[in-house]
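K.L.:
Before I ask anything, here is the structure I am working with.
The values are calculated or read from the model by the stated rules, or taken from the named source; none is laboratory data. The structure presented is a predicted model; accordingly, all values stated were derived computationally and were not measured. Because the Cβ atoms are built from the backbone with ideal geometry, glycine has one as well, and the counts that use them run over all protein chains shown. Ligands, DNA and RNA are excluded from the accessible area calculation, which covers all protein heavy atoms including side chains. Shrake-Rupley method; radii C 1.70, N 1.55, O 1.52, S 1.80 Å.
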Amino acid sequence: MNKICGTKRVQGRSSAFISNALSSLLLQGVNLIVGFIVPHALIGAYGSSVNGLITSLTQFVSYIQLVEAGISSAAVFQLYAPLVRDDAEGASRVVSAARTFYYKSGAVFTALMLALACLYPVLIRVDGVSSFGVFVLVLALGATGFLDFFTLAKYRVLLTATQRNWVIQLASIAYKTLYTAVVLAGTFGGVSVVALFMLAILPILVRTAILVSYTKRKYPEIDFSADSKDFKLDQRWDAFFLQVLGAVQSGAPTIIATFVLGDLSLVSVFSVYMLVANGLQNAINSFSQGTQASFGDVIARGQLDTLKRSFREFQVLAYGLSGVCCGVGIALIVPFVRLYTADIADINYVYPITGVLCMVNVLLYHLKTPQGLLVISAGKYRETRIQTAIQTFILLSGSIVFGAAFGMPGILVGMLLSNLYRDVDLMFYIPREVTGTEPTESLKFMLLAVAVCVFVAVPYFAIQPPCANWAEWALSALVLAFWGGLLSLTLHRAFAREQLSGALSRVKRLADGR
């Protein structure tokens, strides 16, 4: 059997975790900054309606990219076994099969993008952008997905399975930085919005070049064109089903807002709150980057005791961080939006109820993150299809019904209900099917996260300190985060001492490089 000469290059779980977590945190920081700079520049240069158009189109494009859904998850899962066996031939067959699937999906993606480019100008009218301009804009926004399908995706699969997410993240940072530079130069230079997004295609080539050159240099023994005839990606369609539903859950609110609110300016308002919420959500997610492959490796080796211990410690850290961050978010999202949109006069962006509900939804989303991670790591795609479908139905029906009745807050109520259902479902499913632990353990950590969140946010609302400028906002954030950290440690020491001790010991080992 041809061995993977780079087996030692598949990082140990601890070193992989810290490398991936730090690089992911850096990427999320960059994404957060870019996420606020770019929409603000677009609103200032072209108005809220055009920003709403871009937000809506971007979400449609992301849905079309779902034609590749399931390929990555299934391929990464199937790579665990040959990597554990040090089998280069087996790994080559998996990535080659993934490449073939990506090429076929890329052809479908291209056809669907052309259809969207033709239909969207007929359905939605935007002041200041012609129908042909919208047509070109759709194709420009879809170019990144096109390049991913035909040049990049197969390399990303291998890097993810070998716990080298940090390479993907650093390449993405380079892309985001260049993309932002292009957008700022274009808006300041007065170019049209269509020309701007055509120019913004160029930075993606840099990310592609970085990942292709790194992967080929590090894994010369992997043949991306190996014979994969008759090779099947197990659970590809089960993973596809869950990934499609997951994307519907994340993107449906913006699509629903486009039609329910009936005003692209209001869609722009909604998108700003979702931008803040997604920024916080992704920042918290950066903590768990790389742990999917780590848990997958443990499960593949059948190390149940290690899985139980690691999962308990991971829950302490994940829920502790979520409680603090969401408490700070609930307190400070409205002051943030007020400062962020202070120089925008075409529509009011301050909606306190919408802001608070956005942050509560982030908390409910993260109450299921540890369990959801194990669904992916254990390859439990088929077994969780019904639950995910129910969650999606709750989100769609709730967001449409309540959105039509109450506007933006109503859409968020649908999101809250769907995440609450999934929190309860996974709290019972994962202990029963994967870890063998008790559901009450997860419930305890969830309640601690909620308690921390409440005790961080409520005092701020009671005191109402001034937040008239960014310095005061930043000071408030630091004080609340410090208070939340102390509170989280105190509560976990009182109610989860053993797990907290193990988690802190693990963090210390990571800091010491062990």
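K.L.:
Can you give the Rg/Rh ratio of the chain, where Rg is from the C-alpha atoms and Rh is the Kirkwood radius?
P.N.:
Radius of gyration over Kirkwood radius for the chain works out to 0.95.
K.L.:
Can you tell me how much longer the chain between residue 192 and residue 498 gets when fully stretched, taken as 0.36 nm per residue apart minus their C-alpha distance, in nm with one decimal?
P.N.:
104.2 nm
K.L.:
How much mean residue ellipticity at 222 nm does the chain get from its helices, if each DSSP H run of length 4 or more adds -39500 (n - 2.57) and you divide by all residues, to the nearest 500 deg cm²/dmol?
P.N.:
Mean residue ellipticity, 222 nm, calculated: -27000 deg cm²/dmol.
K.L.:
Among 305, 87, what's the order by accessible area (1.4 angstrom probe), most exposed first?
P.N.:
Highest to lowest solvent-accessible surface, that is 305, 87.
K.L.:
Using a 1.4 Å probe, how large is the accessible area of residue 337, given in Å² and rounded to the nearest 10?
P.N.:
Residue 337 exposes around 0 Å² with every protein chain in place.
K.L.:
In whole percent, and with a 1.4 Å probe on the protein chains, what portion of the accessible area of segment 80-222 is carbon and sulfur?
P.N.:
That share works out to 70 percent.
K.L.:
Let me ask something else about it. Please state the relative contact order of the chain as a whole percent: Cα pairs under 8 Å, 6+ residues apart?
P.N.:
The normalised contact order for the chain reaches 21 percent.
K.L.:
What percent do you get for the relative contact order of segment 416-514 when only Cα pairs under 8 Å and 6+ apart count?
P.N.:
21
K.L.:
While we're here: Per residue of segment 196-204, in order, report the coupling 6.51 cos²θ - 1.76 cosθ + 1.60 (Karplus, θ = phi - 60°) as ³J(HN,Hα) in whole Hz, putting x for Gly and Pro.
P.N.:
4, 7, 5, 5, 5, 6, 4, x, 5
K.L.:
Amide H neighbours of residue 407 under 5 Å, counting only residues 5+ apart in sequence or on other chains, H built in-plane at 1.01 Å?
P.N.:
Hits under the 5 Å cutoff: none.
K.L.:
Taking amide hydrogens as modeled 1.01 Å from N in the peptide plane, which residues meet the under 5 Å criterion relative to residue 124, leaving out close sequence neighbours?
P.N.:
Long-range HN contacts for residue 124: none found.
K.L.:
To continue, here is another question. What number comes out for accessible area per residue over the chain if the probe is 1.4 Å? Units Å², please.
P.N.:
42
K.L.:
Classify segment 359-497 as rounded, prolate or oblate, taking a ≥ b ≥ c as the square roots of the eigenvalues of its Cα gyration tensor: rounded when a/c is under 1.5, otherwise prolate if a/b is larger than b/c and oblate if not.
P.N.:
Here segment 359-497 falls in the oblate category.
K.L.:
Next question. Once phi is turned into θ = phi - 60°, what whole-Hz ³J(HN,Hα) does the Karplus curve with 6.51, -1.76 and 1.60 give for every residue of segment 33-41, x standing for Gly and Pro?
P.N.:
5, 4, x, 8, 5, 5, x, 5, 5
K.L.:
On to the next question. Measure off, as a whole percent, the carbon and sulfur share of the 1.4 Å-probe accessible area of segment 428-498, all protein chains present.
P.N.:
Heavy-atom surface of segment 428-498 belonging to carbon and sulfur, 1.4 Å probe: 72 percent.
K.L.:
Along the charge dipole of the chain, which of 58, 179, 315 sits closest to the positive end, that is, farthest toward it, with unit charges on the beta carbon of Lys, Arg, Asp and Glu (+1, +1, -1, -1)?
P.N.:
315
K.L.:
Here is a follow-up. How large is ³J(HN,Hα), in whole Hz, for each residue of segment 346-354 in order, when computed from phi with the Karplus curve 6.51 cos²θ - 1.76 cosθ + 1.60 and θ = phi - 60°, using x for Gly and Pro?
P.N.:
6, 7, 6, 9, 8, 10, x, 5, 4
K.L.:
In terms of the Cα gyration tensor, with a ≥ b ≥ c the square roots of its eigenvalues, is segment 135-193 rounded because a/c is under 1.5, prolate because a/b exceeds b/c, or oblate?
P.N.:
oblate
K.L.:
Near the amide H of residue 87, under 5 Å away, which other amide H atoms are found, from residues 5 or more places off or on another chain, if H is placed in the peptide plane?
P.N.:
4
K.L.:
Right, next: Beyond 23 Å between alpha-carbons counts as too far, so tell me which of 154/216; 216/380; 218/308 fall in that bin.
P.N.:
Checking Cα-Cα distances, 216/380; 218/308 exceed 23 Å.
K.L.:
What does the charge dipole of segment 296-405 about its Cα centre add up to, to the nearest 20 debye, if the Cβ of each Lys and Arg holds +1 and the Cβ of each Asp and Glu holds -1?
P.N.:
Once rounded to the nearest 20, the dipole reads 480 debye.
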